[in-house]
Amino acid sequence: MLANFFPLDAKSISKLSTRGLPQENLKSQIEDSIDYSLELWRSQGLDIIKNKGFYYFSTKFTPINKAEFCIVDIETNGSHIDRHQIIEIAGLKIKDGKIIDRFESLIKCKEINEHIVAITGISVEDTKDAPKLKDVLYSFKLFLGDAIFIAHDVKFDYKFISESLMKIGLEPLLNRSLCSLALAERSVVSYRYALSYLDKTFNLNPHATHHRAMSDVLTTYALFKMSFENIKENINNVEDLIKFSKEAKKLKRPKIDPFLELDRETIKD
């Protein structure tokens, strides 16, 4: 996601998260001064620091128990940013495994088709007294700060929010991000990794209402904690965790859906 909105090339982004980026490489890819660019990126949720002559994501030196993670979920009235919008957004700020803050809001919307209403249970009537998109996104941006952005299949939520911010005249997100689905694939054995299936398998959220933003956030929070507890590798900092979620070997999935087998056994009985 970062590569979509960040001026540096993929190789430089990789160096920022690993061995560090030399000043000349950074300077050659930006139009403004380094100090100005660092401040601008910090306002977009990305903190880059200088250490021993090289530039790094600050998360390279942030222990997991000191980091702030923000688990996010959005509901939209369609998947195309050019003609659709966010209708609900929720976030949980997590530090050292504990919830430290929360954000939740419906968003005023003039049109929600019947298919979306059936999936989410959110109608135009439900949003008539909700704040406008611009107001909610301003508040959410302040809430998110520079926390690590976590979502289940993170690309959709991150990109949709970033492009929504640009539609209202703000800069896109540059926060470091982590996909809870990718992390689960490498730490939790499951036949499928859809959030609703994982919830059914592990009883992550006993009061889940799937496709409502805060409910899905709470489910993802439980999944994130379980996934992290299952990791056997040595994870020292946030960048170690992000790298693990992208590069560690995926766990082998069962060949047969255990719920299908359970249904068959029930029929036999």
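The values are calculated or read from the model by the stated rules, or taken from the named source; none is laboratory data. Here the structure is a predicted model, which is why all the values come from computation and not from measurement. Cβ: placed from backbone, ideal geometry, glycine included. Neighbour counts: every protein chain shown.
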For segment 162-171, what are the residues that are touching a residue at least 40 places away in the same chain (Cβ under 8 Å) and assigned to a helix (DSSP H, G or I)? SER162, GLU163, SER164, LYS167
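I'm trying to understand the selection: among the residues of segment 110-126, which are surrounded by fewer than 20 Cβ atoms within 10 Å (Cβ to Cβ) and out of contact with any helix residue (DSSP H, G or I) (no Cβ under 8 Å at 6 or more places or on another chain)?
ASN113, GLU114, HIS115, VAL117, ALA118, ILE119, GLY121, VAL124, GLU125, ASP126, listed by residue number.
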May I ask you to say which residue of ASP129, ASP135 is surrounded by fewer than 21 Cβ atoms within 10 Å (Cβ to Cβ) and outside any helix (DSSP H, G or I)? ASP129
Mind listing whichever residues of segment 96-121 are part of a loop (DSSP other than H, G, I, E, B), touching a strand residue (DSSP E or B) at 6+ places or on another chain (Cβ under 9 Å) and more than 24 Å from LEU144 (Cα to Cα)? ILE112
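Got a number for residues in segment 7-40 being of a type in the set (A, V, I, L, M), in contact with a Leu (Cβ under 7 Å, 6 or more places away or on another chain) and either within 17 Å of PHE61 (Cα to Cα) or loosely packed, with under 13 Cβ neighbours inside 10 Å (or both)?
To start, the set of residues in segment 7-40 that are of a type in the set (A, V, I, L, M) comprises 8, 10, 13, 16, 21, 26, 30, 34, 38, 40.
Right, trim to in contact with a Leu (Cβ under 7 Å, 6 or more places away or on another chain) and you get 13, 34.
Restricting the remaining residues to those that are either within 17 Å of PHE61 (Cα to Cα) or loosely packed, with under 13 Cβ neighbours inside 10 Å (or both) gives 13.
Of the residues in segment 7-40, 1 are of a type in the set (A, V, I, L, M), in contact with a Leu (Cβ under 7 Å, 6 or more places away or on another chain) and either within 17 Å of PHE61 (Cα to Cα) or loosely packed, with under 13 Cβ neighbours inside 10 Å (or both).
Determine which member of the set LYS66, LYS93, LYS132 is farther than 17 Å from SER162 by Cβ, out of contact with any strand residue (DSSP E or B) (no Cβ under 9 Å at 6 or more places or on another chain) and of a type in the set (Lys, Arg).
Details: LYS66 fails: out of contact with any strand residue (DSSP E or B) (no Cβ under 9 Å at 6 or more places or on another chain); LYS93 fails: out of contact with any strand residue (DSSP E or B) (no Cβ under 9 Å at 6 or more places or on another chain).
Matching residue, one of LYS66, LYS93, LYS132: LYS132.
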Can you say whether SER14 is outside any strand (DSSP E or B), more than 30 Å from ILE107 (Cα to Cα), over 21 Å from the mean Cα position of the chain (by Cα) and modelled with pLDDT of 95 or more, as far as the supplied structure shows? no
Criterion violated by PHE149 - all others in (1) farther than 26 Å from TYR56 by Cβ; (2) touching an Asp or Glu at 6+ places or on another chain (Cβ under 9 Å) satisfied: (1)
Of (1) touching a residue at least 60 places away in the same chain (Cβ under 8 Å); (2) within 29 Å of PHE6 (Cβ to Cβ); (3) in a helix (DSSP H, G or I), LEU218 satisfies all except one. Which? (2)
Among the numbered criteria (1) assigned to a helix (DSSP H, G or I); (2) closer than 29 Å to SER123 by Cα, which one does ALA184 miss? (2)
If I filter segment 60-109 down to residues being of a type outside the set (Val, Ile, Thr) and in contact with a Gly (Cβ under 6 Å, 6 or more places away or on another chain), which single residue comes out as surrounded by the most Cβ atoms within 10 Å (Cβ to Cβ)? CYS70
Failed item, numbered, when SER28 is tested on (1) closer than 30 Å to ASN230 by Cβ; (2) among the small types (Gly, Ala, Ser); (3) not assigned by TED's automatic domain parsing to the domain that holds LYS159: (1)
Has segment 18-41 got at least one residue that is touching a Lys or Arg at 6+ places or on another chain (Cβ under 9 Å), assigned to a helix (DSSP H, G or I) and in contact (Cβ under 8 Å) with a residue 40 or more places away in the chain? no
Pairs where the first residue, in segment 94-121, is assigned by TED's automatic domain parsing to the domain that holds LEU223 and the second is at pLDDT below 95, C-beta under 8 Å, 6+ apart: ILE119/HIS211; THR120/HIS211; GLY121/THR209; GLY121/HIS211
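Somewhere in segment 187-206, is a residue in contact with a strand residue (DSSP E or B) (Cβ under 6 Å, 6 or more places away or on another chain) and surrounded by 17 or more Cβ atoms within 10 Å (Cβ to Cβ)? Write out each step before concluding.
Let us first name the residues in segment 187-206 that are in contact with a strand residue (DSSP E or B) (Cβ under 6 Å, 6 or more places away or on another chain), namely none.
The answer is no; no qualifying residue exists.
Among the listed residues LYS243, LYS159, LYS252, LYS200, which satisfies the condition of being more than 27 Å from GLY78 (Cβ to Cβ), in contact (Cβ under 8 Å) with a residue 12 or more places away in the chain and part of a helix (DSSP H, G or I)? Can you show your working first?
Details: LYS159 fails: more than 27 Å from GLY78 (Cβ to Cβ); LYS252 fails: part of a helix (DSSP H, G or I); LYS200 fails: more than 27 Å from GLY78 (Cβ to Cβ).
Checking each option against the conditions leaves just LYS243.
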